[in-house]
Amino acid sequence: MTPAPIDELRPRLRGPLLAAGDAGYDDARAVWNAMIDRRPAAIARCLGVADVVAGVQFARDHRLELSIKGGGHNIAGLAVCDGGLMLDMSLMRGVWVDPAARTARAQAGCLLGDVDRETQLHGLAAVLGFVSNTGLAGLTLGGGFGYLTRQFGWSCDNVVSIDLVTAEGRVVRASAREHGDLFWGLRGGGGNFGVATSIEYALYPLGPEVVAGAIAWRGEEAREVLAMYRTLTAQAPPELTCVALMRLAPPAPWLPKEIHGRPIIALFVCHTGALAEGQKLAAPIKAFRVPVGDIIQRRSYVSQQSLIDATQPKGRRYYWKSEYLPGLEPELLAQMIEHAGRIVSPHSAIVLFPLDGALNRLPADHSPAGNRDASLVLNITASWEKPGDDGANIEWARAAWRDMRPFSTGGTYINFLTEEEGDERTRAAYGKNHPRLAALKRTWDPDNLFRVNKNIAPLAGRG
């Protein structure tokens, strides 16, 4: 992009337009995963929908690659293009809650914590993820799951409407009543159909207190803890979600210093029902063997939503491999223990996150998020500091994935796919919904303007 076209865009924006060398340019292009180092020709820091429309029209007219940054938390760094135009939505962080209707509308630059804080003022919550610094739009457009998923389904299953700027630069609202086909595609189809500028969510009564927190045991007890966990997850009511992970103990204040850097197995527990019932269900977990740390207690839901934020800081190098699981086979758990013992970075982990419940009761084609046969997510999360350690950490994650992938449903979570994972893995994420998505792409984005994503190519011809 030459300086002249950039100057053409500048007066059409209310927000700032940044180019290389401008103050704030490097901060704006930086994302959570430090392995991503791309340089857009220009970054439009949008202040409103009109700025988004101007950016989309400009990219289309000048045939520029276009990327969209919400929270910048995607593992593949899809927020940032090389040499094109990036629309940075991070200044658009308004949240409007309607307590009577039990809905909230949030702008596309919001982080999950923004919505949690505003909805909890009214004793309500949206179905979101479990790291509060994650961007709201990317999470939701790719499906989304968290502590409330077992009760209410994917995040996108609980979307009421989405405001969108299309490839033509039109502003539309997609809902069950308006542009129903587009509404279907947006609930899991990623950023393939336009730029979401705000999302309206259904809310549910919750909190402000829940019974939640974390508990950990020495890694040597992993076999027994995982056997307990397998029984626990099979019997747990939908209000109870227990996430299991194995890693080296971080220097967290709730873990004794003598355990720091040593193998642990931990559960992150969240019960969102009646407090007395939550305490009753947590009691046998807390009493199991001899934990090295235990902070399961009555706490605010907002504090639980940010409990693991410190383990996912911006600026580390991240590489993930992920699969959906139909259940917890003993052989899978044995592989988890084996590969957790080979971890090469103090920041890496193997994680199991239960999903079963509401999402399994909907048909496979209810939305592109699909994967209605999944009971859990397996995520192998390599995380480290130095570029020189890339090879060892990536190979650890790949080796673990190779041995654990046979236990998969065959599906995978679109938001957890890395930069290198291409069309085959995108098709695995969408399964039988992929052809319908390709036809929808032909209708709404036939020239594939929105392609800096886990891309769905338009069906041949025009809609």
Item checked: Amide N of the stretch 374-405 lying under 16 Å from the label point, which is placed 7 angstrom from the Cα of Asp37 along Cα→Cβ -> 384-391
Next item on the list: Round to a whole angstrom and tell me the spacing of the C-alpha centers of the stretch 332-405 and the stretch 95-115.
Entry: 30 Å
Next item on the list: Report, in degrees rounded to the nearest 10, the 0 to 90 angle that the Cα long axis of helix 275-286 makes with the longest principal axis of the chain.
Entry: 60 degrees
Item checked: Check: the chain dipole with +1 on Lys, Arg Cβ and -1 on Asp, Glu Cβ, in debye -> 300 debye
Note to self: Using Stokes-Einstein with the Kirkwood hydrodynamic radius over Cα pairs, what translational diffusion coefficient do you get for the stretch 151-218 at 10 °C and a viscosity of 1.306 mPa s, in µm²/s rounded to a whole number?
What the structure shows: 113 µm²/s
Note to self: Could you work out what % of the accessible surface of the chain is carbon and sulfur, using a 1.4 angstrom probe and leaving DNA, RNA and ligands out of the count?
What the structure shows: 52 percent
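I need the Kirkwood Rh of the chain: take the reciprocal of the average 1/r across all distinct C-alpha pairs and report it in angstrom.
Here the Kirkwood hydrodynamic radius works out to 22.6 Å.
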Next item on the list: Select from the stretch 398-432 those GluC sites (Glu not before Pro) which occupy a DSSP coil region and have at most 10 other Cβ atoms within 10 Å, ordered by residue number.
Entry: Glu420
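Mean separation of Cα pairs under 8 Å and 6+ residues apart, divided by the residue count of the stretch 196-329: what relative contact order is that in percent?
On the way: 178 pairs, mean separation 49.6, N = 134.
Taking the mean separation of contacting Cα pairs over the length of the stretch 196-329, I get 37 percent.
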Next item on the list: Specify the angular offset, from 0 to 90 degrees and rounded to the nearest 10, of the alpha carbon long axis of helix 49-61 from the longest principal axis of the alpha carbons in the chain.
Entry: 70 degrees
Notebook entry, point to check: If one computes the Cα centroid of the stretch 245-284 and of the stretch 168-201, what distance in Å separates the two points?
Noted result: 38 Å
Notebook entry, point to check: Expressed in nm to one decimal, what extension gain is obtained for the pair Ala457 and Gln279 from 0.36 nm per residue of sequence separation less their Cα-Cα distance?
Noted result: 59.1 nm
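Using only DSSP helix segments of four residues or longer, with each worth -39500 (n - 2.57), what per-residue ellipticity at 222 nm results for the chain after dividing by its residue count and rounding to 500?
The per-residue figure over the chain is -8000 deg cm²/dmol.
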Item checked: Total formal charge among the other residues, if their Cβ is under 12 angstrom from that of Thr119, Lys/Arg +1 and Asp/Glu -1 -> -1
Notebook entry, point to check: Amide H to amide H, which residues 5 or more places from Gly153 or on other chains are under 5 Å from it, using H placed in the peptide plane?
Noted result: Ala358, Leu359
Next item on the list: On a 0 to 90° scale, report how tilted helix 330-340 is relative to the longest principal axis of the chain, with both axes built from alpha carbons and the result rounded to the nearest 10.
Entry: 80 degrees
Notebook entry, point to check: On full extension of the chain, what length is gained from Val171 through Asp373, given 0.36 nm per residue of separation minus the C-alpha to C-alpha distance?
Noted result: 69.2 nm
Item checked: In sequence order, calculated HN-Hα J values of the stretch 389-402 (Karplus, 6.51, -1.76, 1.60; Hz; x Gly/Pro) -> 9, 4, x, 5, 6, 5, 5, 4, 5, 5, 5, 4, 5, 4
Checklist line | Most positive-pole-ward Cα, Gln151, Leu78, Gly135, against dipole of the stretch 15-161 from beta carbon charges | finding: Gln151
Next item on the list: Give me the number: length gained by fully extending Lys432 to Glu329, i.e. 0.36 nm times residue separation minus the C-alpha to C-alpha distance, one decimal in nm.
Entry: 34.5 nm
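Can you pull out the trypsin sites (Lys or Arg not before Pro) in the stretch 131-239 whose DSSP state is coil and whose Cβ has at most 13 other Cβ atoms within 10 Å?
Arg170, Arg177
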Next item on the list: With the cut-off at 22 Å, report for the stretch 86-196 the share of all Cα pairs above it, as a whole percent.
Entry: 27 percent
Next item on the list: Over 31 Å between C-alpha atoms is what I'm after, so list which of Lys69/Lys432; Lys69/Lys257; Lys314/Lys454 land there.
Entry: Lys69/Lys257
Checklist line | Theoretical FRET efficiency, 1/(1+(r/R0)^6), r = Cβ-Cβ of Asp365 and Glu424, R0 22 Å, to 0.05 | finding: 0.55
Next item on the list: Let me have the relative contact order for the chain, percent, based on Cα pairs under 8 Å that are six or more residues apart.
Entry: 16 percent
Item checked: Where labels lie 7 Å past Cα in the beta-carbon direction, separation of Glu220 and Arg289 in nm -> 1.0 nm
Check: Among 338-346, 451-459, how do they line up from the highest to the lowest mean number of other beta-carbon atoms within 10 Å?
Finding: 451-459, 338-346
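The values are calculated or read from the model by the stated rules, or taken from the named source; none is laboratory data. Bear in mind the structure is a predicted one, so any value in this text is a computation, not a measurement. All Cβ positions, even for glycine, are placed from backbone atoms using ideal geometry, and neighbour counts span all protein chains on display. Please note that ligands, DNA and RNA were not included when accessible areas were found on the heavy atoms of the full protein model with its side chains. Shrake-Rupley method; radii C 1.70, N 1.55, O 1.52, S 1.80 Å.
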